[in-house]
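A quick write-up on the structure given underneath.
The values are calculated or read from the model by the stated rules, or taken from the named source; none is laboratory data. All of these numbers come straight from a predicted model, not from anything done at the bench. A quick note on method: Cβ atoms are made from the backbone with ideal geometry, for glycine too, and the neighbour counts reach across all protein chains shown.
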């Protein structure tokens, strides 16, 4: 970019007009024009402290999404997170509804190993019952994305994966009203529009958006219809206090085309085995946040928020080998299974950041308390739904619900971290988090005696951690950290799938730790972040076979542990080819050695030792490499992505099963092209996704949304036009 600024010698006037009472000695100064050329960066790091958070010694990444050449309309994760090494994408829904990602060998299903937030507000549907995030943001509304790996977990939650925070665009405070509109049209019937207004009136800032996106989908019977809204109002009666209210909503209806066998995938990956399967989450997230800057060294934040809504689905989730056909006796389809989850999650959090001096050196304390009160209401019937073909969650009153349960949780967490400055270069930050609470289950389960279920699960976990930061110079530092984490036993772990399963009343929460050490910095036109890590994950949940006095059953229990050791490498080099032509190349590459330890896995009626087997859905290598060329206001980006082969089950089965539910997931290579042109207030973008039309899939689900192969999207083209008059910054 190229901009001209006029600077005054008075701080903090910046590029504003000189005040009328400026001394005479300054009014005679001649202000000269300075020309500044700079390249907008779309990847960065969190500062050592931010608001009431302390990030010193933590591995973090910040994606400036507004500056990135990516397919924002469809939220293509491999493009959005391209410069974050180790991000594994579960890519089965090309419509942009959900972002299924993980890091460091964890489960990518709806990001449920992350503490997921929007503007710092938790969006996981129910941390202790169903931690997936069903809330779906339009990425046109996102200004930047912040990712903190697991060693920062003591401050925000106990998740192994870390924190993923989506920061919404902020209103342009120089405008009373500003407007932004972004519209996209693309392959497979994609139509998308995003419209927002924002600005500042007196002491009030506001930002309001509406988004709508429809698509017929890459595969047959994979249509999608999304709409989302957001309202933000920030009242600032003084420079030291603000009160912000937000209300966010997302709603989408996705037609699920069903799984394929390997033979079906080879013959035609766009075919469908289901036409009557639908998924529909509608989520509301209200929040109220107050912030006080009490003094130069004291900052307080108090947040109250909630997650309310419903997730409904109707489906025939049999394998692809069992067709969904007309019943000869009734001349109709068979009744479908119906799932309805109602979320009622409420959170309040109080945080303090306090700076102080000790032994003549500056220290920073972050402390707080977090309280959850959740009620997850889950209802399910395997064959009580309608025989129709449209989305309808009605249930036959005669058959009723096979499962109608409440999973209520109350939990309180205390946390504190303190940064001690040992020398002017070295700081050490120890921390602690203590979780205490319980989950209680009540209701009806037709095929199981509730007395045989663990009706109350206690959560009592002290978690410790420590991180260190060594500043080599003003642009380079070494960082290291170790922090404990845990994942509570959730609803699906407790409830038997059928009458032949039982649940171990002594189920234990998964626990373990993250450890990492890295070196990051910049020199000349090169910047880098290289780290090694170890993730210990104990008490993994699974199934074991039990023969008790001649009675056989399957027991849901803790099956063992796992360890993931890995290497994460990011490097980018930018250089000028001419006065107006700038280029940059980058590589974001990771290596995973992820294996089971002291673990067993049920096969029919026997338990097999799987010690040393590779974890499912964890490739050894993930590498994304890019080239960006920028000529004046034109930018062209190429992205090459490689993901290595993965196993779909703990037995590391290579040959595909007849249903496609087990077997090797082959490696795949993808090439994407994005080009953007900015003309004053206009933006034009062309996205060609999967340029070589690679036919691939990323995972073989063993249960929901259906066992088998779920193909990812082939080549698609998206054209985007945006216009902005103030409105966001």
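Please note which strands (runs of 3 or more DSSP E) are completely contained in region 596-660 and include at least 1 residues that are in the same structural domain as residue 555 (by TED's automatic domain parsing), surrounded by 20 or more Cβ atoms within 10 Å (Cβ to Cβ) and in contact with a helix residue (DSSP H, G or I) (Cβ under 6 Å, 6 or more places away or on another chain).
Details: elements: 600-603, 606-609, 621-631, 634-643.
Per the criteria, 634-643.
Based on this model, can you work out whether residue 222 counts as assigned to a strand (DSSP E or B) and farther than 26 Å from residue 50 by Cα? Full working, then the answer.
Numbers: assigned to a strand (DSSP E or B): no; farther than 26 Å from residue 50 by Cα: yes.
Considered against the rule, which asks whether it is assigned to a strand (DSSP E or B) and farther than 26 Å from residue 50 by Cα, residue 222 comes out as no.
Tell me which of these residue 53 doesn't satisfy, since it passes every other one: (1) out of contact with any strand residue (DSSP E or B) (no Cβ under 6 Å at 6 or more places or on another chain); (2) in contact (Cβ under 8 Å) with a residue 24 or more places away in the chain; (3) surrounded by fewer than 22 Cβ atoms within 10 Å (Cβ to Cβ); (4) over 17 Å from residue 169 (Cα atoms).
Among (1) out of contact with any strand residue (DSSP E or B) (no Cβ under 6 Å at 6 or more places or on another chain); (2) in contact (Cβ under 8 Å) with a residue 24 or more places away in the chain; (3) surrounded by fewer than 22 Cβ atoms within 10 Å (Cβ to Cβ); (4) over 17 Å from residue 169 (Cα atoms), the lone unmet condition for residue 53 is (3).
Given the structure, is residue 355 surrounded by 15 or more Cβ atoms within 10 Å (Cβ to Cβ), more than 26 Å from residue 494 (Cα to Cα) and modelled with pLDDT of 95 or more? So that I can check it myself, show each step before the final result.
Details: surrounded by 15 or more Cβ atoms within 10 Å (Cβ to Cβ): yes; more than 26 Å from residue 494 (Cα to Cα): yes; modelled with pLDDT of 95 or more: yes.
Yes: the conditions hold for residue 355.
For region 354-388, enumerate the residues that are in contact with a strand residue (DSSP E or B) (Cβ under 7 Å, 6 or more places away or on another chain) and outside any strand (DSSP E or B).
Within region 354-388, 382, 383, 384, 385, 387 meet the criteria.
One line per residue, one yes/no per condition, for (1) within 30 Å of residue 152 (Cα to Cα); (2) in contact (Cβ under 8 Å) with a residue 60 or more places away in the chain:
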site: 167; (1), (2): yes, no
site: 172; (1), (2): no, yes
site: 180; (1), (2): no, yes
site: 201; (1), (2): no, no
site: 211; (1), (2): no, yes
site: 215; (1), (2): no, yes
site: 226; (1), (2): no, yes
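Counting just the residues of region 685-697 that are farther than 18 Å from residue 638 by Cβ and either in contact with a strand residue (DSSP E or B) (Cβ under 6 Å, 6 or more places away or on another chain) or modelled with pLDDT under 95 (or both), which one comes out surrounded by the fewest Cβ atoms within 10 Å (Cβ to Cβ)?
Step one: filter region 685-697 for residues farther than 18 Å from residue 638 by Cβ, giving 695-697.
Now drop any that are not either in contact with a strand residue (DSSP E or B) (Cβ under 6 Å, 6 or more places away or on another chain) or modelled with pLDDT under 95 (or both), which leaves 696-697.
Values: 696: 19, 697: 21.
It comes out as 696.
Looking at 505, 492, 475, which one is under 18 Å from residue 60 (Cβ atoms) and modelled with pLDDT under 95?
Numbers: 505 fails: under 18 Å from residue 60 (Cβ atoms); 492 fails: under 18 Å from residue 60 (Cβ atoms).
Of the residues listed, the single one that is under 18 Å from residue 60 (Cβ atoms) and modelled with pLDDT under 95 is 475.
Among 489, 412, 393, 466, which is the only one that is surrounded by 20 or more Cβ atoms within 10 Å (Cβ to Cβ) and assigned by TED's automatic domain parsing to the domain that holds residue 536? Walk me through it before giving the result.
Working: 412 fails: surrounded by 20 or more Cβ atoms within 10 Å (Cβ to Cβ); 393 fails: surrounded by 20 or more Cβ atoms within 10 Å (Cβ to Cβ); 466 fails: surrounded by 20 or more Cβ atoms within 10 Å (Cβ to Cβ).
It is 489.
For the condition in contact (Cβ under 8 Å) with a residue 60 or more places away in the chain and within 30 Å of residue 579 (Cα to Cα), what is the one hit in 639, 629, 615, 673? Before you say what the answer is, go through the steps one by one.
Details: 629 fails: in contact (Cβ under 8 Å) with a residue 60 or more places away in the chain; 615 fails: within 30 Å of residue 579 (Cα to Cα); 673 fails: in contact (Cβ under 8 Å) with a residue 60 or more places away in the chain.
Step by step, each of 639, 629, 615, 673 is checked, and only 639 is in contact (Cβ under 8 Å) with a residue 60 or more places away in the chain and within 30 Å of residue 579 (Cα to Cα).
Taking the condition within 30 Å of residue 426 (Cα to Cα), part of a loop (DSSP other than H, G, I, E, B) and within 18 Å of the chain's Cα centre (by Cα), does residue 83 pass?
For residue 83, the condition - within 30 Å of residue 426 (Cα to Cα), part of a loop (DSSP other than H, G, I, E, B) and within 18 Å of the chain's Cα centre (by Cα) - is met.
Among the residues of region 293-345, what is the count of those that are in contact (Cβ under 8 Å) with a residue 12 or more places away in the chain and part of a loop (DSSP other than H, G, I, E, B)?
14
Looking only at region 90-123, count how many residues are touching a residue at least 24 places away in the same chain (Cβ under 8 Å) and in a loop (DSSP other than H, G, I, E, B).
Residues meeting the conditions: 20.
Can you find a residue that is in contact (Cβ under 8 Å) with a residue 60 or more places away in the chain, assigned by TED's automatic domain parsing to the domain that holds residue 126 and assigned to a strand (DSSP E or B) anywhere in region 263-279?
Yes, the conditions are met somewhere in region 263-279.
Would you pick out the residues in region 280-300 that are surrounded by fewer than 20 Cβ atoms within 10 Å (Cβ to Cβ) and more than 24 Å from residue 137 (Cα to Cα)?
291, 292, 293, 294, 295, 296, 297, 298, 300
Which is modelled with pLDDT under 95, under 30 Å from residue 350 (Cα atoms) and out of contact with any helix residue (DSSP H, G or I) (no Cβ under 7 Å at 6 or more places or on another chain), of 48, 3, 39?
Values: 3 fails: under 30 Å from residue 350 (Cα atoms); 39 fails: under 30 Å from residue 350 (Cα atoms).
None of the other options fit; the residue is 48.
Could you check, for region 102-109, whether at least one of its residues is in contact with a strand residue (DSSP E or B) (Cβ under 6 Å, 6 or more places away or on another chain), assigned by TED's automatic domain parsing to the domain that holds residue 72, buried (at least 24 other Cβ atoms within 10 Å of the Cβ) and at positive phi?
Yes.
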